[in-house]
Amino acid sequence: MSMQEGYIEVPGGRVWYSRVGEGENTPLIVLHGGPGNTHDPLKSTLHVLANERPVIFYDQLGSGNSDRPTDLTLWKTERFVEELACIRQALGLKEVHILGHSWGTMLAAAYLVDAKPEGVQSIIFSSPCLSAERWKHDADRLIEQLPVDVQQTIATHEEQGTTDSQEYQDAMKEYYKRHVCRLDPMPTVMTESRPKANKEVYMTMWGPSEFCPTGNLKTFDYTPKLHQINIPSLFVCGRYDEATPESTGYYQSLVPNAELHVFENSSHVGYLEETDEYVQVIRSFLQKADTK
């Protein structure tokens, strides 16, 4: 299977990309989560789609193999939207499908609604966050299901601003192993990609943990604009996902004719927790969208 790798100039520096496969069908571009994470975990699953179509993975500026500038003003949604437009132009992706995961769904929604790009044939929102306030509300409810001492630790350190303490990190892990990745041990691709992530990007845009949005995304809410998306759309999440089935279903209800699939044995990384079903669902949707 063919693979092409390289760098693309974008506002603020260079991003690294990998294009896998050469099939005749419309290419898929994958937007990883974070912000500040890497493409690696998604690529470990979705590279198999390259037997039907080119699949493009990239590390967003600041993380992974891409440049890591220190200018904090770069870490805003609008610049990442410009970055995506630059990548499409540089790689000649006139027609494309988009799959965004987690923060990648925020980026995808902003790109579709604000940039109004041509040639996007379909969109997949994987474990979406399309309202930070709703995400926080869901997280508060999920935290209430944790042991009382863990809840108290989280509350105390968030109140005192000591979220970098080991106690808070340990409490965070309790939440993560229920609602972010339920696999034990954690997949190697996740542990190996973690050092390549950029915590500064995550802190600037999101906050100290998945359930504590304090950064510039804390007011992000595209729910009033989702009705503007008029291409084939698929929403997926896990039954135990921090991107809860209730909220994912709500977002799906706002997009005309959108579809929904819940992975019954997954949390936030269904593509690693139920890999075969995830690939089958995504492949089937893309094949159907290809013919539209």
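Summary of computed values
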read-out: Among the candidates 176, 222, 202, 240, residue that is of a type in the set (Phe, Trp, Tyr) and farther than 30 Å from residue 72 by Cβ; value: 240
read-out: Unmet requirement for residue 250, which otherwise passes all of (1) crowded, with 22+ Cβ neighbours inside 10 Å; (2) in contact with a helix residue (DSSP H, G or I) (Cβ under 9 Å, 6 or more places away or on another chain); value: (1)
read-out: Counted residues, the range 22-41 - those being on the phi < 0 side of the Ramachandran plot, part of a loop (DSSP other than H, G, I, E, B) and touching a residue at least 40 places away in the same chain (Cβ under 8 Å); value: 8
read-out: Residues of the range 107-129 that turn out to be farther than 16 Å from residue 216 by Cβ and either surrounded by fewer than 20 Cβ atoms within 10 Å (Cβ to Cβ) or not small (Gly, Ala, Ser) (or both), as a count; value: 14
read-out: From 90, 171, residue being over 19 Å from the mean Cα position of the chain (by Cα) and crowded, with 20+ Cβ neighbours inside 10 Å; value: 171
read-out: Test for residue 223: is it within 24 Å of residue 176 (Cα to Cα), of a type in the set (Val, Ile, Thr) and in contact (Cβ under 8 Å) with a residue 24 or more places away in the chain; value: no
read-out: Members of the range 254-291 that are of a type in the set (Val, Ile, Thr), touching a residue at least 60 places away in the same chain (Cβ under 8 Å) and in contact with a strand residue (DSSP E or B) (Cβ under 9 Å, 6 or more places away or on another chain); value: 269, 282
read-out: Those residues of the range 263-276 which are over 20 Å from residue 39 (Cα atoms) and crowded, with 17+ Cβ neighbours inside 10 Å, in sequence order; value: 263
read-out: Test: residue in the range 167-177 that is among the hydrophobic types (A, V, I, L, M, F, W, C) and in a loop (DSSP other than H, G, I, E, B); value: no
read-out: Residue count, the range 225-244 (criterion: aliphatic (A, V, I, L, M), touching a helix residue (DSSP H, G or I) at 6+ places or on another chain (Cβ under 6 Å) and either assigned to a helix (DSSP H, G or I) or surrounded by fewer than 23 Cβ atoms within 10 Å (Cβ to Cβ) (or both)); value: 2
read-out: Qualifying residue in the range 118-125 (condition: within 26 Å of residue 84 (Cα to Cα), among the hydrophobic types (A, V, I, L, M, F, W, C), in a loop (DSSP other than H, G, I, E, B) and at pLDDT 95 or above); value: no
read-out: Those residues of the range 26-70 which are more than 14 Å from the chain's Cα centre (by Cα), closer than 15 Å to residue 98 by Cα and either β-branched (Val, Ile, Thr) or at pLDDT below 95 (or both), in sequence order; value: 26, 55, 56
read-out: Checking residue 257 against (1) in a helix (DSSP H, G or I); (2) surrounded by fewer than 22 Cβ atoms within 10 Å (Cβ to Cβ), the condition it does not meet; value: (1)
read-out: Cβ-Cβ under 8 Å pairs, at least 6 apart or on other chains, the range 68-88 side closer than 20 Å to residue 199 by Cα and of a type in the set (Lys, Arg), far side in a helix (DSSP H, G or I) and modelled with pLDDT of 95 or more; value: 76/205
read-out: Enumeration of residues in the range 138-162 that are closer than 27 Å to residue 60 by Cβ and without any contact (Cβ under 8 Å) to a residue 12 or more places away in the chain; value: none
read-out: Only one of 75, 16 that is farther than 27 Å from residue 275 by Cα, of a type outside the set (Ser, Thr, Tyr) and in contact with a Ser or Thr (Cβ under 6 Å, 6 or more places away or on another chain); value: 75
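Residues are listed down the side, and each one gets a yes or a no for (1) closer than 22 Å to residue 28 by Cβ; (2) touching an Asp or Glu at 6+ places or on another chain (Cβ under 9 Å):
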residue: 238; (1), (2): yes, yes
residue: 261; (1), (2): yes, yes
residue: 264; (1), (2): no, yes
residue: 268; (1), (2): yes, yes
residue: 272; (1), (2): yes, no
residue: 278; (1), (2): yes, no
residue: 285; (1), (2): yes, yes
residue: 289; (1), (2): yes, no
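The values are calculated or read from the model by the stated rules, or taken from the named source; none is laboratory data. Computed from a predicted model, the values in this text were never measured in an experiment. Because the Cβ atoms are built from the backbone with ideal geometry, glycine has one as well, and the counts that use them run over all protein chains shown.
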